[in-house]
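Visitor: Structure below; questions to follow.
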């Protein structure tokens, strides 16, 4: 039995985008507050969904509360439109809304993702929805929620800095690869979801709106367009991103994209491909020209 | 005589409990209790007034429960004083710093004060390295230059006689005396004009006590820091303090030059204290 069979019956219909209008309004109200206070975590109800918490329900509820019949939807997981989680979320949203979907990030009005932002920077009018596992950047250093909220309210971030300091002492540089703490609008420290360091610059002073939802932790937060998002860095140790120098995508040849390492099933040979499959496809199909490529 | 007042407390009071209009009359040194018999309120501090001058060490003595620790904790904003006024040179925005926002209080704490607690568990975090504990104070003061923090931390730990090998050791692996010295290094990190010492040497054996006290005296002379030294040990007070307050049941019963109090105590309680410990 498919989801469509469940939803399609005349007596058994879900509301548009699954959530009832009251539930959507509750999420939207939290989102308005989140946009008004960039980087501040706003609690929301996060009711049960047909997808388990921890599988993107935060982002899903944000998408469900915002999506309209005219929206064009793109959903990715690890940068890929075709991975299991993305496919399932897409199926649910299409079945309950009937909206058009796309793999081309330029076409999308709503783009839901977990680990990546598209290689092509998003533009005005587009909304990025990120699924967040751990919204609290201070959880690393403080287990108490009461205490972390006080720390945010008072801008008491010395302990976050101490953890970076210890990291540099032990490893020579900050070793966090994802969830790298950022100062938003020079006020709150935010965890930018599990996107890599590579993508952080696309949150800073962006054209698009970024909304972040954590379903299990029941928090939403936001980075409005043209808001500063600065990774924490010491004055003398600049923030760095992942290093792919000397590597190129085995499919499209790009040398300026975030690369995944994959292994050939037969030979076991490793190779690198673009993590953003939509971008890689566009280049491979000749729809766009790679910005920088090893072989043009 | 030193002229500049660094810290001035006026009528400082701290109570725990509902309080009633008789609390003031029914507690205090002459009543022999700090618990109000009518409402059960603990009057930990009442009408404490003193001035601390620049470069001076003021001793605070008294028995357990006399309000010594409460006093320094109110000054360090660990506790909120319920009454009175506190003013601090270096923070001129408000005459009374007791009711400023917590963000402002933290600025004062990180830039103008240092604290050494009796129990290192309160002053240090045992799950980060000794170096990071000291660095925390610098980071609180928004110094974000890694190499400078690292150098300053090393310098501070060296000045408190912590071998450099222990910089990256967790404080829980170190001895009590070593932990106290890390606390001292942390308290001095931002060259604060005021350092509060709450029973720093209690719980240390006598030889270690002597070394820690020597260290405090040396650092104080070198840097001209003002200090509030809380102790129940008259020996510590004799060694460190220029002037001394004697606290009993939350009230100051005597204040004066340390030598004077030790040689010629006026209040019956001070007499008892001096004679029973010396």
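Visitor: Rounded if a/c is under 1.5, else prolate if a/b beats b/c, else oblate: with a ≥ b ≥ c from the C-alpha gyration tensor eigenvalues square-rooted, which is segment A:41-103? Don't skip to the answer; put the middle values down first.
Guide: Working: a/c = 1.73, a/b = 1.25, b/c = 1.38.
Cα axes put segment A:41-103 in the oblate bin.
Visitor: In addition: Would you mind giving the mean number of other chain beta-carbons within 10 Å of the Cβ of each residue in B:148-154, as a whole number?
Guide: So the per-residue partner count for this stretch is 2.
Visitor: What area, in nm² and to one decimal, does the C-alpha convex hull of segment B:58-138 cast on average over all directions?
Guide: 6.6
Visitor: Can I ask one more? Mind sorting B:269, A:165, A:14, A:221 by how few other Cβ atoms lie within 10 Å of their own Cβ, fewest first?
Guide: Values: B:269 20, A:165 26, A:14 15, A:221 29.
Taking fewest neighbouring Cβ atoms as first place, the list is A:14, B:269, A:165, A:221.
Visitor: Compute for segment A:85-222: radius of gyration divided by Kirkwood radius, i.e. Rg/Rh, restricted to C-alpha atoms, rounded to two decimals. Before the final figure, lay out each step's value.
Guide: Numbers: Rg = 16.7 Å, Rh = 16.5 Å.
With Rg and the Kirkwood Rh in hand, the quotient comes to 1.01.
Visitor: If you wrap segment B:123-270's Cα atoms in a convex hull and average its projection over all directions, what's the area in nm²?
Guide: Working: hull surface 39.3 nm².
Its average projected convex-hull area is 9.8 nm².
Visitor: While we're looking at this one, here's another question. So for the protein assembly as shown: antiparallel DSSP bridges make up what percent, rounded to the nearest 5?
Guide: DSSP beta bridges in the protein assembly as shown are roughly 60 percent antiparallel.
Visitor: Using r as the Cβ-Cβ distance of residue A:266 and residue B:191, and R0 as 60 Å, what FRET efficiency do you calculate, to the nearest 0.05?
Guide: 0.35
Visitor: What list of whole percents do you get for P(r) of segment A:88-153, with Cα-Cα distances grouped in 5 Å bins up to the one holding the largest distance?
Guide: Calculated over all Cα pairs of segment A:88-153, the distribution is 3, 13, 18, 16, 13, 11, 10, 11, 5 percent.
Visitor: Same structure again: Remind me, what semi-axes does segment A:12-64 give for its equivalent ellipsoid, largest first in whole Å, using sqrt of 5 times each Cα gyration tensor eigenvalue?
Guide: 21, 13, 8
Visitor: Using a 10 Å cut-off around each Cβ of peptide A:160-167, what is the average number of partner chain Cβ atoms that fall inside?
Guide: 6
Visitor: Dividing the convex hull volume of the Cα atoms of the protein assembly as shown by its residue count, what figure in Å³ per residue is obtained?
Guide: Enclosed volume per residue, from the Cα hull, is 205 Å³.
Visitor: Per the Cauchy relation, a quarter of the hull surface: what is the mean projected area of the convex hull of the alpha carbons in segment B:5-277, in nm²?
Guide: Numbers: hull surface 58.4 nm².
Result: a mean projected hull area of 14.6 nm².
Visitor: At a threshold of 8 angstrom on Cα-Cα distance, excluding pairs fewer than six apart, so keeping six or more, what relative contact order does chain B reach in percent? It would help to have the intermediate numbers written out before the result.
Guide: Values: 537 pairs, mean separation 71.0, N = 278.
Normalised by residue count, the contact order of chain B is 26 percent.
Visitor: Normalising by the residue count of segment A:243-296, find the relative contact order in percent from Cα pairs under 8 Å and 6+ residues apart.
Guide: On the way: 84 pairs, mean separation 20.9, N = 54.
The normalised contact order for segment A:243-296 reaches 39 percent.
Visitor: Tell me, in nm to one decimal, what length is gained between residue A:145 and residue A:91 on full extension, where the rule is 0.36 nm per residue of separation less the Cα-Cα distance? All intermediate terms of the calculation are to be shown ahead of the outcome.
Guide: Details: separation 54, 0.36 × 54 = 19.44 nm, distance 3.52 nm.
So the chain would gain 15.9 nm between residue A:145 and residue A:91.
Visitor: Distance between Cα centroids, segment B:252-278 to segment B:1-55: provide it in whole Å.
Guide: Cα centres, segment B:252-278 to segment B:1-55: 19 Å.
Visitor: Same structure again: If packing is taken as the average count of other Cβ atoms within 10 Å, what order do A:25-32, A:111-118 fall into, highest mean first? Write down the numbers at each step before the final one.
Guide: Working: A:25-32: 17.8, A:111-118: 25.0.
Per-residue mean Cβ counts within 10 Å order the peptides as A:111-118, A:25-32.
Visitor: Right, another one. Just to confirm the number: angle between the C-alpha axis of helix B:268-277 and the first principal axis of chain B, 0 to 90 degrees, nearest 10?
Guide: 40
Visitor: On to the next question. Roughly what % of DSSP beta bridges within chain B run antiparallel, to the nearest 5?
Guide: 55
Visitor: Note the angle between two axes, namely the Cα long axis of helix B:102-112 and the longest principal axis of the Cα atoms of chain B, as a number of degrees from 0 to 90, rounded to the nearest 10.
Guide: Long axis of B:102-112 versus the principal axis of chain B: about 70 degrees.
Visitor: Order of B:36, B:20 from fewest to most other C-beta atoms within 10 Å?
Guide: Fewest to most other Cβ atoms nearby, the residues stand as B:20, B:36.
Visitor: Below 8 Å between Cα atoms, with a sequence gap of 6+, how large is the relative contact order for chain A in percent?
Guide: Relative contact order, chain A: 20 percent.
Visitor: If you don't mind, there's one more thing I want to ask. log₁₀ I(q)/I(0) of segment A:243-296 at q = 0.21, 0.32 Å⁻¹, via Debye over equal Cα point scatterers, no solvent, to two decimals?
Guide: -0.70, -1.27
Visitor: Could you order peptides B:161-173, A:277-289 by the average number of other Cβ atoms within 10 Å of their residues, highest first?
Guide: Going from most to least packed, we get A:277-289, B:161-173.
Visitor: Once each part is reduced to its C-alpha centroid, what is the distance from segment A:142-158 to segment B:83-161 in angstrom?
Guide: 17
Visitor: So, by mean Cβ neighbours within 10 angstrom, what's the order for A:261-270, B:25-34 with the highest one leading?
Guide: Packing proxy ranking, top to bottom: B:25-34, A:261-270.
Visitor: Taking the Cα centroid of segment B:190-230 and of segment A:22-82, what is the distance between the two, rounded to the nearest whole Å?
Guide: 55
Visitor: Tell me, B:71, B:52 in order of fewest to most beta-carbon neighbours within 10 Å?
Guide: Fewest to most other Cβ atoms nearby, the residues stand as B:52, B:71.
Visitor: What do you get for Rg/Rh of chain A when both radii come from the Cα atoms and Rh is the Kirkwood radius?
Guide: 0.98
Visitor: Provide a whole-number value for the mean count of partner chain Cβ atoms within 10 Å of the Cβ atoms in peptide B:96-104.
Guide: The per-residue average across the peptide is 1.
Every number in this text was worked out from the coordinates using simple rules, so none of it is lab data. Note that the structure is predicted; figures quoted are calculated from it, not measured. When we count neighbours, we look across all protein chains shown, and the Cβ atoms used for this are built from the backbone with ideal geometry, even at glycine.
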